[in-house]
Structure formats: structure tokens, C-alpha cells
1. Starting from the Cα of residue 38, step 7 Å along the direction of its Cβ; do the same at residue 74; then give the gap between the two resulting points in nm.
2. Give the Debye-formula value of log10 I(q)/I(0) at each listed q (0.16 Å⁻¹), with one equal scatterer per alpha carbon of segment 25-69, two decimals each.
3. With r as the distance between the Cβ atoms of residue 55 and residue 20 and R0 = 22 Å, compute the FRET efficiency 1/(1 + (r/R0)^6) and round to 0.05.
Amino acid sequence: MPGQSNHAPRSAVATRCPVLMPHPMTIRTLLERYNCLQLRHEQDPSDDARRKLEDVTYTLCVSTGTLTIRDALAAADLVLHRAAVDQAVHQVPSIAAAARPIANAA
């Protein structure tokens, strides 16, 4: 039919696409840089400082798939939180692994 598209709505396509998660170390580095540049810009509001802050802000937004720095910072916190949880889970031995030495000793 004229005027109708054979393509799925954008939101439907987006839900089927895999989401790339930035590496936590990348996020940590970007956050450190953002914080340093934000302080620098407050102390020295030069064009150079502003451009560098805008660059790292853009990179944080792209890396986290967000549109605003507020959302990027929240997403970055989530990435770091998930990484910490994953690391903690992998450090806790499973119950079965912990029970093996006891069962073998009997």
C-alpha cells in the first residue's frame, strides 16, 4: 500500500539489537577524566578546557548509550556496580566446591 513502510518501527528494531556494554576500566578512565576536566573548567573556563570537557562528555554519553551527562553518569555507575557484583560473585566459592574437601576427608 502506498505510504506504508515494510520496516518495523524503530523501537521494535532497537529491542532486538544486542546492547554493547563498555568495559568497566574504560568507564573508570572516562569518569576520572570527566571529573578532572570538570574541575579544570571550573578553575579555568578557557575554550580549551571547555572543548576537552565537551569531548569527554560526548564520549561518556556514546559509551553508555545515553543523551545527557546526567544519564551517562547514572549508566556509568550501573556499569561499575554490575562489575563489582560480578567480581564478588566469582570470588565466592560455590557450595558444592566448598563441600568437596569435607566429603573427601570422611
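1. Distance between the two pseudo-spin positions: 1.5 nm.
2. So the normalised log intensities work out to -0.39.
3. Working: r = 20 Å, r/R0 = 0.93.
After rounding, the FRET efficiency stands at 0.60.
None of the figures in this text is laboratory data; all of them are computed from the coordinates on show. Keep in mind that this is a model prediction, so the values were computed, not measured. FYI the Cβ positions are ideal-geometry reconstructions off the backbone, even for glycines, and counts take in every protein chain you see.
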